[in-house]
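Below is one structure, written out as structure tokens; comments come after it.
The values are calculated or read from the model by the stated rules, or taken from the named source; none is laboratory data. Computed from a predicted model, the values in this text were never measured in an experiment. Counting neighbours? That spans all protein chains shown, and the Cβs are built from the backbone with ideal geometry, glycine included. With ligands, DNA and RNA removed, areas are computed over all heavy atoms of the protein, side chains included. Shrake-Rupley method; radii C 1.70, N 1.55, O 1.52, S 1.80 Å.
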Amino acid sequence: MTLAAVSSVAASPAFAAYPDRTVRIIVPFAPGGGTDLIARSIGTGMSQALGQSVIVENKPGGGTIIGTDAVAKSPADGYTLLIATFAHAVNPSLQPKLPYATDKAFAPVILVGRSPNILVVKPDSPYKSVKDLIAAAKAAPGKLNFASQGNGTSAHLAGELFKNLAKVDLTHVPYRGAGPAITDLLGGQVDMMFATAAAVTPFLQSGKLRAIGVTTTQRSPAYPNVPTIAESGVSGYAAESWYGLYAPAGTPPDVIGKLNAAVKKAVESDTFRKRAQDEGLIISAGDPAELSNYVRAEETRWTKIVKENNITPE
């Protein structure tokens, strides 16, 4: 679409009335995980700001590719949005054939925020620290396993990076979302998870899971007593999760502007700010360029890590 055409569409009466019906946020994971919870929290606030219903639709599978592709192929009218995560920046280097061009198929709306991943185990796990876990993994290569919410997600790559830098052999067990992964972790089917803070905070607060490390370079304000994985002996280790909102490429600038403003109002709510504080989520909520620049930098960083460490989707 030419610039003139975009301007014409942006100024048309149809888009001037935006939104005049329900807006959908596609979550490329199963219900119950951290991304799902963040999307629903944002959706509630956006609905109030936009004056229309904002619903969340889960489309899990393919390491977020199925849901992401659904948005890439949706009309560029602002009524179908994607809540993107770490996998959005990693899949181009991890997945050899994507059904969409990540850098061309989407229009950035807003970077909601960034947060640590947390290495969690069951409360009765014999691993009381990262050093305990490393010792056990070296004593029995390949025996210990870690769950993730899918191939290419932050929980997956955080685990793969841990394997490489700690020089241990762990088995990756991917799920179609954090909810199913945590269910099996609670049930003892898997040993650990490098989970997003949003997904596991309720379980940490209730004592159903125990944190033994955070993935960021510095300790999280939400978990000041949990050491970083780097300070636990894995030098150079660093990873983080993030949440961003995208629309299909070609969505009119004024619609992007309305969506950006609606998310900014949503994250200012007391409910969302309390959730962010509890999870150590650092709220960003700037202009669309902030999301674009951040994801571009993340893609560059993880492409290098994926290649240097021979990390694969399986």
Highest-first arrangement of 39-49, 107-117, 281-291, where packing means the average Cβ count within 10 Å: 107-117, 39-49, 281-291
Under Karplus coefficients 6.51, -1.76 and 1.60, residue-wise ³J(HN,Hα) of the stretch 151-156 in Hz, glycine/proline x: 4, x, 7, 4, 5, 5
At 0.692 mPa s and 37 °C, Stokes D of the stretch 208-314 from Kirkwood alpha-carbon radius, µm² per second: 197 µm²/s
Derived scalar couplings ³J(HN,Hα) [the stretch 238-247; Karplus, 6.51 cos²θ - 1.76 cosθ + 1.60; whole Hz; x for Gly, Pro]: 6, 7, 8, 9, 8, 10, x, 10, 10, 10
Convex hull of Cα atoms in the chain, direction-averaged projection (nm²): 14.9 nm²
Percent antiparallel among DSSP beta bridges (both partners in the chain, rounded to 5): 60 percent
Inter-site label distance for Asp132 and Thr171 at 7 Å from Cα along Cβ, in nm: 2.2 nm
Karplus-derived 3J(HN,Hα), 6.51/-1.76/1.60, for each residue of the stretch 179-196, Hz, glycine and proline x: x, x, 5, 5, 4, 6, 5, 4, x, x, 6, 10, 8, 6, 7, 8, 7, 5
About the Cα centre, charge dipole magnitude for the chain (Lys/Arg +1, Asp/Glu -1 at Cβ), debye: 340 debye
Alpha-carbon Debye profile of the stretch 115-234, log10 I(q)/I(0) at 0.12, 0.17, 0.19, 0.23 Å⁻¹: -0.35, -0.75, -0.97, -1.52
By accessible area with a 1.4 Å probe, ligands and nucleic acids excluded, highest first: order of Asp20, Asp254, Asp124: Asp124, Asp20, Asp254
Sum of -39500 (n - 2.57) over DSSP H runs of 4+, divided by residues of the chain (222 nm, nearest 500): -13000 deg cm²/dmol
